[in-house]
1. Determine which member of the set A378, A395, A368 is under 30 Å from R139 (Cα atoms), open to solvent by less than 10 Å² (accessible area, probe 1.4 Å) and touching a residue at least 12 places away in the same chain (Cβ under 8 Å).
2. Hey, among the residues in the range 58-111 that are charged (D, E, K, R) and more than 19 Å from the chain's Cα centre (by Cα), which one's farthest from I30 (Cα to Cα)?
3. Please go through the range 307-317 and give me each residue that is open to solvent by 70 Å² or more (accessible area, probe 1.4 Å) and more than 15 Å from A297 (Cβ to Cβ), ordered by number.
4. What number goes with the only condition from (1) at pLDDT 90 or above; (2) part of a loop (DSSP other than H, G, I, E, B) that K225 does not pass?
5. Filter the range 181-197 for residues that are of a type outside the set (G, A, S) and more than 26 Å from the chain's Cα centre (by Cα); which is nearest to L33 (Cα to Cα)?
6. Could you tell me whether R302 is among the basic types (K, R) and buried (at least 23 other Cβ atoms within 10 Å of the Cβ)?
7. For the condition out of contact with any His (no Cβ under 9 Å at 6 or more places or on another chain) and modelled with pLDDT of 90 or more, what is the one hit in F275, F206?
8. Please go through the range 21-51 and pick out each residue that is farther than 16 Å from A167 by Cβ and either in a helix (DSSP H, G or I) or free of Cβ contacts under 8 Å to residues at least 60 places away in the same chain (or both).
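The values are calculated or read from the model by the stated rules, or taken from the named source; none is laboratory data. Here the structure is a predicted model, which is why all the values come from computation and not from measurement. Cβ: placed from backbone, ideal geometry, glycine included. Neighbour counts: every protein chain shown. Surface accessibility is based on the protein's heavy atoms, side chains included, excluding ligands, DNA and RNA. Shrake-Rupley method; radii C 1.70, N 1.55, O 1.52, S 1.80 Å.
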Amino acid sequence: MYISVSDRNGGQGGTAQARTSVPFRLAPTIVWLGIVSLFTDVSSESVAAVLPLYLTGYLGLSVIAFGVLDGINQGAGSLVRMAAGWLSDRAGRPKQVALAGYGLSATARLALLFAGGFWALTGTMAADRIGKGIRTAPRDALITVNAQPEHLARHFGVHRMLDTIGAALGPLLASAILLLIPSGYSTVFVVSLAFAVIGVAALALFVPDQRAVRKQPVAEDRKVKPAPGIRWARLHHSALGRLLLTAGVLGLLTVGDGFIYLALQNRNSLELQWFPMLYVGTNAVFLLLAIPLGRLADRWGRTKVFIGGHLALVGCYLLASLPFTGAGAVAGCLVLLGIFYASTDGVLTALASQLVTPEHLATGISAAQTVVAVSRMAASAGFGVLWFAVGPTTALVLVGGLLALAVLGSPLLLRGPKNS
């Protein structure tokens with residue numbers, strides 16, 4: 001078994017003719033999961049959009065403290081992702097596991113109303129991200145089993161599009177609240193809680209409680225065949241192991257969006273109430289490109305699109321570090337960042353889901369998500385220290401250069417022996 005950037009079938013079963021001859025049909029379960037994610041992302045992104053300013057401006061914490069909290073925001077869920085994926089596979093009821101994760105995040109939104117110091121915020125954000133870690137793999141397993149194998153990345157693109165609508169609405173709500181109520185952070189937190197509760201209710205009432213048994217591709221000429229199971233002792237020899245290694249290396253050089261937005265805000269002297277609109281810009285690009293890039297990944301090759309997305313992130317880092325000001329430079333950064341997320345988020349999950357057997361589906365997906373979460377947690381914490389030591393411009397140039405080298409080396413990491 002091997003995975004290679006030269007694979008034009010996108011790492012999924014079936015010839016190009018078979019894939020194009022199967023009409024695209026969207027299952028209602030995927031739509032409802034997208035709606036659940038929409039409401040949940042309104043909740044989470046309204047908070048995320050004000051968090052950098054809330055921490056560094058309103059509470060007066062240092063950029064290092066923000067780096068630690070952003071790292072927690074990126075990776076705290078990694079503590080439970082594997083366990084949640086394994087439990088989902090073992091019990092065969094991914095909805096119940098996902099529901100527990102969504103419920104925990106909603107509870108964290110309530111706790112946020114009473115958290116005012118660094119340690120209280122740390123615990124609250126950790127609980128929220130642990131909830132995300134619990135729910136993500138079971139939810140993506142449900143998407144996989146309800147999707148057509150021929151259009152897998154496209155189905156994930158539809159879900160991510162709905163998810164991103166919420167991610168765009170959240171910062172818009174936060175910006176509107178701050179325009180009406182300067183320093184109205186507590187109001188933002190109350191609105192966030194309300195949307196989190198709606199998301200949990202939608203999942204409980206409208207998503208069926210089905211067992212995770214994935215539809216298998218019928219074609220015999222696959223470029224990549226699913227592994228016979230996850231054998232952790234020999235993981236580094238497998239296609240999934242090479243994918244996890246590549247994702248981990250790239251994740252170590254993927255800093256939190258908040259740092260990019262803070263750099264843009266400092267350089268362009270943006271009014272504080274407009275800061276959440278930076279999140280809206282990125283999410284709008286993600287929204288527009290999630291389905292087209294998912295379709296491109298299915299046709300052209302998922303590894304190609306995944307690696308290409310990181311090239312866009314290199315461009316974002318370099319543009320954010322250049323001494324240009326004005327709307328053009330800001331818009332360019334947001335477009336490149338949106339391309340990065342649209343090219344990597346659902347595509348990585350689609351890649352991982354095709355490299356494991358149905359009984360290990362949620363575990364395989366959670367393995368990829370765990371590697372990305374842990375590496376990005378380390379990246380955010382480390383970048384906060386680097387920012388403090390050398391300044392934002394030099395820090396962005398250094399990370400951008402290292403990421404460019406990692407992107408060039410990614411095809412070598414992904415390519416393995418044909419018979420391994």
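1. Result of the check over A378, A395, A368: A368.
2. The residue in question is R109.
3. Scanning the range 307-317 gives no hits.
4. Of everything listed in (1) at pLDDT 90 or above; (2) part of a loop (DSSP other than H, G, I, E, B), K225 misses just condition (1).
5. T187
6. Here the answer is yes, as R302 does meet what is asked.
7. Being out of contact with any His (no Cβ under 9 Å at 6 or more places or on another chain) and modelled with pLDDT of 90 or more holds for just one of F275, F206, which is F206.
8. S21, P23, P28, T29, I30, V31, W32
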